[in-house]
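Encoded as structure tokens, here's the structure I'll be asking about.
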Amino acid sequence: MIHLRLIRATPKSIKQKFTHGDLFMQTTCGKWLTFCHTLEDQVRDINMNGKFDKGEKKVLKQTAIPFGKYMGVITYSPAFKRDMPSIANVSEFIGIRIHGGNTIEDTEGCILVAFNTDNNGKIWSSAEDELTTLIKQNDKDGIFKIEIK
């Protein structure tokens, strides 16, 4: 099973509606290697405790999933009509996927992955196919772990 870690960048402004990050994968010897860039909706889990509390509020289709550790699996997406990484048991969210896209207009809480970024709300050159292949190569059932920091 592959272990992934998403490290989110600190927003440049409190009003920023997008969140950049980097996705890392753990090697068999325990080292973390950069895999690709990420783009998500605005982070609203301000105290980084993995839930919405103390004035934090999820905004439908405009909120990144909370910080935390999650299990995932490759499953078929009827909406996208292909196998894709899916993240399970995310409080207050359903149908969270990791997929390609270019701006937050391409996500509704999902994590977008790509090899290029401008660090100003855009990514390109999707990393979805490579990530899906990597997960499948490391687990015959397509299971993975992801930690979001």
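No lab work stands behind these numbers, since they all come straight from the coordinates. Computed from a predicted structure; not experimentally measured. With ideal geometry, Cβ positions are generated from the backbone for all residues, glycine too; neighbour counts draw on all protein chains shown.
Specify which labelled value, from (1) -0.37, -0.61; (2) -0.52, -0.73; (3) -0.31, -0.53, agrees with log10 I(q)/I(0) by the Debye sum over Cα atoms at q = 0.10, 0.13 Å⁻¹ derived from the coordinates of the model shown.
It is the value labelled (3).
How much net charge surrounds GLY50 when only the other residues with a Cβ under 14 Å from the Cβ of GLY50 are counted, with Lys and Arg +1 and Asp and Glu -1?
+2
Which aspartates and glutamates, if any, have their Cα less than 16 Å from the Cα of LYS61, not counting same-chain residues under 8 positions apart?
Filter leaves GLU40, ASP41, ASP45, GLU92, GLU105, ASP106, GLU108.
Just order 54-66, 90-102 by mean Cβ neighbour count inside 10 Å, highest at the front, would you?
90-102, 54-66
THR133: net charge of surrounding residues, Cβ under 14 Å, Lys/Arg +1, Asp/Glu -1, itself excluded?
-2
Return the calculated 222 nm mean residue ellipticity for the chain, to the nearest 500 deg cm²/dmol, obtained by summing -39500 (n - 2.57) across DSSP H runs with n ≥ 4 and dividing by the residue count.
Value at 222 nm, helices only, nearest 500: -2000 deg cm²/dmol.
In debye, nearest 20: dipole of the chain around its Cα centre with unit charges on the Cβ of K, R (+) and D, E (-)?
That gives the chain a dipole magnitude of about 380 debye.
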